[in-house]
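What follows draws every value from the coordinates through simple rules; no lab data is involved. Fair warning: this is a prediction, and the values are worked out from it, not measured in the lab. Methodologically, a virtual Cβ is constructed for each residue, glycine included, from the backbone with ideal geometry; neighbour enumeration extends over all protein chains shown.
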Amino acid sequence: MVGLKYPIPPASEITPQAVYAQRRRFLQQAGGLLLAAAAPGLSAGPALQAGLADAVQGPFSTDEPLTDHAMATGYNNFFEFGTGKEDPKRHAHRLQTHPWSVVISGEVDKPGRLALEDILAPHGLEERIYRLRCVEGWSMVIPWIGFPLGDLLKRFEPTSRARYVVFETLHDPEQMPGQRSRILDWPYREGLRIDEAMHPLTLLAVGMYGEILPNQNGAPLRLVVPWKYGFKSIKSIVGIHLQEDQPVSSWTARQPSEYGFYANVNPEVRHPRWRQATERRIGESGRRRTELFNGYGELVADLYAGMDLRRHF
Ligand SMILES: Nc1nc2c(c(=O)[nH]1)N[C@H]1C(S)=C(S)[C@@H](COP(=O)(O)O)O[C@H]1N2
Ligand SMILES: [Mo]
């Protein structure tokens, strides 16, 4: 397997014992609740909401002040609902998030289609406060609720040829009117190297600010990769595909000179249209300096040891 440079600590080393005890309690409760959610006519809402209320504090959280909830849910990029920052909040109510399923395919020994309830059932939920920086030059601090993507991928038993993971958003122009425009090659597609995907920082989120993800933020299931530009954090995922070759993401396909595969936050790598050396933290006046890997370098720099990050931007 290429690129496994970062020793992934076993979960027992990064999660305190108390968290495990609480996680088990969550699973016992959530088991029944999530089953209830699968019954016809019931929305996933109340069951998932109960699970979110029981989320434990996860590792790697920043103690910086949270971005105002109204900004985090009202100033979004979700081109499936339009290109304006307020379009997603205005139009994302059209998205039907229940029932929802995800197809896992490619280089795995156990491929399949799983209902959202079955995806969540074995995982405890954690709250993690992460910075998110958009390539456009703004950033937020958001309390996500989710679980490590790697824990899900392991359930499908990746083969030794699984070197990259590709994610796909729902494609349905009826629900996502922005897909009638050719601005991106739909469905929205993103990819990670397998070691990035398995990294304990990489989160699959189902909630934020203690609540179920609002549609405009990527309900019911989205990726959060905090050391990369926001566009890597793909929303409303319906497909996860493992493969041997490096994929081409929707943004790279649109403009390869502006959007590289790695998209690591890097103040040294210029973008033709937006400043990368500094950023505007939403809710603050003035600009702050952008940090390499969005400040997560201690955790992720080893993934890129020996790579020229100007070439692999
Ligand atoms: N499917 C999909 N996912 C997406 C996008 C998108 O347009 N479509 N925009 C990305 C971009 S550019 C950013 S900055 C983040 C924004 O996430 P937020 O709206 O929750 O802050 O979502 C990313 N995920
Ligand atoms: Mo972005």
In whole Å, largest first, the alpha carbons of segment 106-262 cover along the principal axes 37, 37, 32
Result: in the chain the number of Lys pairs with C-alpha under 19 Å apart, spaced 8 or more or on different chains, is 6
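Please work out the ratio of the alpha-carbon Rg of segment 203-267 to 2.2 N^0.38 Å and round it to two decimals. Show your work: numbers first, answer last.
Values: Rg = 13.2 Å, N = 65, 2.2 N^0.38 = 10.7 Å.
Cα-based Rg divided by the globular estimate yields 1.23.
Give me the number: length gained by fully extending ASP109 to PHE60, i.e. 0.36 nm times residue separation minus the C-alpha to C-alpha distance, one decimal in nm.
Values: separation 49, 0.36 × 49 = 17.64 nm, distance 3.10 nm.
Roughly 14.5 nm would be gained on extension.
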The Kirkwood hydrodynamic radius of segment 68-160, taken as the inverse of the mean 1/r over all distinct Cα pairs, in Å, comes to 16.0
Length gained, ARG180-HIS312, 0.36 nm per residue minus C-alpha separation, equals 44.3 nm
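At 0.36 nm per residue, and after removing the present C-alpha to C-alpha distance, how many nm does the segment from ALA277 to LYS154 gain when stretched out fully?
Values: separation 123, 0.36 × 123 = 44.28 nm, distance 3.65 nm.
Separation in residues times 0.36 nm, less the Cα-Cα distance, equals 40.6 nm.
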Once normalised by the length of segment 201-264, the mean sequence separation of its alpha carbon contacts under 8 Å that are 6 or more apart gives a contact order in percent of 25
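Which of the peptides 285-292, 110-117, 145-152, 269-276 is most tightly packed, and how do the rest follow, going by the mean number of other Cβ atoms within 10 Å of each residue? Mind showing how you got there, number by number?
Values: 285-292: 12.2, 110-117: 15.9, 145-152: 22.5, 269-276: 13.8.
Going by the mean number of other Cβ atoms within 10 Å, highest first, we get 145-152, 110-117, 269-276, 285-292.
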Segment 11-304: relative contact order from alpha carbon pairs under 8 Å, six or more residues apart, as a whole percent, is 19
For segment 86-150 the mean separation of alpha carbon contacts under 8 Å (6+ apart) over residue count, i.e. relative contact order in percent, is 21
Taking the chain and counting helices only, DSSP H stretches of n ≥ 4 at -39,500 (n - 2.57) each over all residues, the nearest-500 ellipticity at 222 nm comes to -5500 deg cm²/dmol
Stokes-Einstein, Kirkwood over Cα pairs, the chain, 37 °C, 0.692 mPa s; D in µm²/s equals 166
Between ARG161 and VAL248, the two model label points (7 Å from Cα along the beta-carbon direction) sit apart by a distance in nm of 2.1
Mean Cβ-within-10 Å packing, highest first, puts peptides 164-173, 191-200, 216-225 in the order 216-225, 191-200, 164-173
